[in-house]
Structures are given as structure tokens and as C-alpha cells.
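Read through the structure below, which is laid out as C-alpha cells, and then see the notes.
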Amino acid sequence: MEVKKIGILGAGAMGGGIAHLAAQSGFAVVLCDVKIDFVEKAVAKMEKLMAKSVEKGKMTAEQAKEVIGRITKTENMEDFKDVDFIIEAIIEDLKIKKEAFAKLDEITRDDIILGTNTSSMSITEIAAATKRPDKVVGMHFFNPAQVMKLVEVIRGYYTSDETIAATEALSKQMGKTTVEVKKDSPGFVVNRIMMASAIEAIKLVEEGVASMEDVDQAVKLGLNNPMGPFELMDFTGVDINIFVADYFYNEFKDVRWNPPLAIKQLAKAGRLGRKTGAGWYRYDK
């Protein structure tokens with residue numbers, strides 16, 4: 001089945017970024033969130049980003065206008081009734097995701113794939129809320145979706161080979177490189193590795209082995225990573241890192257995933273990273 005129109009549920013940082021990417025890739029997009037204001041803000045952010053691209057000569061004003069013209073803004077999930085593919089990018093709450101997928105299952109055509117951009121949760125459990133678990137797949141983009149090259153394509157227990165192939169093909173149409181996650185394991189590939197390194201970095205500082213700044217410097221210069229683990233936690237959100245670590249801890253029942261005290265204290269102090277102006281580092285100076 002040819003995909004011409006993509007429905008994206010959730011207009012936050014990830015949903016908005018995926019919608020922007022899809023529209024830039026030539027797809028018609030239906031962008032939905034619980035409040036139209038959220039959608040309007042996401043589209044305004046796209047316009048601002050493309051205005052900078054126009055200034056730099058990377059695209060024309062007409063091209064930017066065409067991208068925005070491909071996006072339908074809505075707060076009504078019923079507007080997904082004629083889309084060819086769904087990508088869900090709402091809050092990382094399993095109960096809310098399952099409720100959303102049950103509704104998507106009712107609204108959309110039986111033949112379309114329902115993708116979730118979850119960064120760590122069970123595709124199998126999300127799919128259980130639908131009558132088409134073979135057509136439910138993980139499609140994990142990375143932030144910012146317009147820039148980051150990778151998409152993890154994750155199998156649930158019942159996800160079919162056809163669903164995997166179609167999702168990989170769509171990702172490539174958006175200019176992405178895919179990796180297939182063959183087993184539905186918490187955190188998939190990237191976040192499993194990332195959380196292990198983040199927790200270990202916090203322990204190094206708690207144990208007095210090195211300072212936070214030197215750990216970041218060591219990882220950037222020694223491993224050639226663009227950001228150190230503390231910088232990355234601030235970028236993704238301190239609260240998100242705690243949530244993912246807690247999810248791993250509950251799923252694996254392994255103490256190594258228990259979030260260290262230092263990051264819990266940081267969140268209690270309201271220091272959630274760049275989005276609040278302070279996390280491990282200060283950004284509001």
C-alpha cells in the first residue's frame with residue numbers, strides 16, 4: 001500500500017519534529033493533539049526553523065510555504081480516518097498510549113499500520129489494545145527528528161514481516177537509516193545503552209572518581225561523542241531519564257537500573273534540564 005498521508009498523534013517536541021520531517025519529505029500530514037494550541041505552536045516552530053533555512057539559502061520561501069501547506073492541524077482524532085499510516089508520539093504513559101491505540105484502531109482503516117514513537121515501552125502491550133497487533137510497530141525517531149538519521153523499527157510479539165518492511169521503507173523515504181529491533185525489550189537498542197552509560201556516569205561522580213565536567217569531557221574526547229552523559233541527560237530531560245530508568249527497573253527487576261539518588265534529588269529540585277533552564281548544568285545565566 002502506498003503511503004501518501006501520515007497521521008501524527010502528539011504535537012510536542014517529537015511529534016512536531018516528525019510532522020515537520022514528513023511534510024518536508026513530501027507527505028500530506030494530519031497533526032493532532034488534545035488542544036489545537038499545541039498544534040499551532042508546533043507549526044509555528046516549524047515556520048521559525050524554515051525561516052532560518054530560507055535566510056541561509058538552504059530552501060526558498062515558496063518551498064517553506066509548500067511544507068506548511070501539506071499539514072492539516074486538528075484536535076480531533078476522527079480526522080485520521082483517511083490517513084495511510086499512523087505515528088503516535090504522545091506522553092510516555094502506557095495506560096494513555098493503550099487508550100489512544102484502542103481509539104486509533106476504531107477510527108482508522110483496518111489495513112493501515114499503527115506506529116508508536118515510544119522510546120522504551122512494550123510494543124506488544126500497546127498492540128494488545130488493538131484488533132490488529134500484526135500491524136502495530138515501534139518507529140522510534142530521535143530528537144530532533146528532522147536531523148537525527150536513525151529510526152529504530154521494533155517488532156512486537158505479533159508484528160508481521162510485511163509491517164516491518166513497510167515501516168522501514170517509509171523511514172527511508174524520509175531520509176532515515178533504520179535498524180531492526182528483533183525482540184520487544186525495554187529501551188530497545190539506543191536507550192538501553194544510553195541509560196546504562198548515564199547511570200554509570202552518575203555513580204562515577206557520586207563515588208568521587210571524577211567531576212561531572214570531567215566525565216563529560218572524557219566521554220566527548222575519549223569516545224568522540226558529541227555530548228557527554230550529563231549534557232545529554234539535560235538535553236533529553238532529567239525527568240525523562242528517571243522515568244526510563246524506573247521503567248527498566250520495574251521490567252527487569254535488576255538493581256543496576258535503579259536511578260541513583262543524585263538524579264532523583266535533581267528532579268525534586270525542579271532542575272529538569274534545558275527545558276527548565278537548569279539540570280546538571282545551569283542554562284538560565
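The values are calculated or read from the model by the stated rules, or taken from the named source; none is laboratory data. Given the structure is predicted, the values throughout are model-derived calculations rather than measurements. Please note: Cβ atoms are built from the backbone with ideal geometry, for glycine as well, and neighbour counts cover all protein chains shown.
Quick look at the values:
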{"quantity": "Residues of the range 114-158 classified as touching a strand residue (DSSP E or B) at 6+ places or on another chain (Cβ under 8 Å) and outside any loop (DSSP other than H, G, I, E, B), total", "calculated": "17"}
{"quantity": "Given (1) under 28 Å from Asp239 (Cβ atoms); (2) buried (at least 20 other Cβ atoms within 10 Å of the Cβ); (3) free of Cβ contacts under 8 Å to residues at least 60 places away in the same chain, number of the condition Leu94 does not satisfy", "calculated": "(2)"}
{"quantity": "Residue satisfying all of: in the range 68-77; under 30 Å from Val54 (Cα atoms) and not in a loop (DSSP other than H, G, I, E, B); farthest from the chain's Cα centre (by Cα) among these", "calculated": "Gly69"}
{"quantity": "Subset tally (residues that are closer than 27 Å to Tyr247 by Cβ and either in a loop (DSSP other than H, G, I, E, B) or touching a strand residue (DSSP E or B) at 6+ places or on another chain (Cβ under 6 Å) (or both)) for the range 78-99", "calculated": "9"}
{"quantity": "Check on Lys65, surrounded by fewer than 14 Cβ atoms within 10 Å (Cβ to Cβ), assigned by TED's automatic domain parsing to the domain that holds Gly15 and within 22 Å of the chain's Cα centre (by Cα)", "calculated": "no"}
{"quantity": "Lone qualifier among Ile199, Ile193, Ile164 - being within 29 Å of Ala278 (Cβ to Cβ), assigned to a helix (DSSP H, G or I) and within 20 Å of the chain's Cα centre (by Cα)", "calculated": "Ile193"}
{"quantity": "Residue within the range 233-253 that is acidic (Asp, Glu) and free of Cβ contacts under 8 Å to residues at least 24 places away in the same chain present", "calculated": "yes"}
{"quantity": "Identity of the residue in the range 237-285, assigned by TED's automatic domain parsing to the domain that holds Glu207, among the aromatic types (Phe, Trp, Tyr) and within 17 Å of Ala198 (Cα to Cα), that ends up surrounded by the fewest Cβ atoms within 10 Å (Cβ to Cβ)", "calculated": "Tyr249"}
{"quantity": "Selection count where residues are over 26 Å from Thr236 (Cβ atoms) and of a type in the set (A, V, I, L, M), scope the range 120-174", "calculated": "6"}
{"quantity": "Members of the range 163-183 found to be free of Cβ contacts under 8 Å to residues at least 12 places away in the same chain and either over 16 Å from Phe27 (Cα atoms) or surrounded by 15 or more Cβ atoms within 10 Å (Cβ to Cβ) (or both), listed by number", "calculated": "Ala165"}
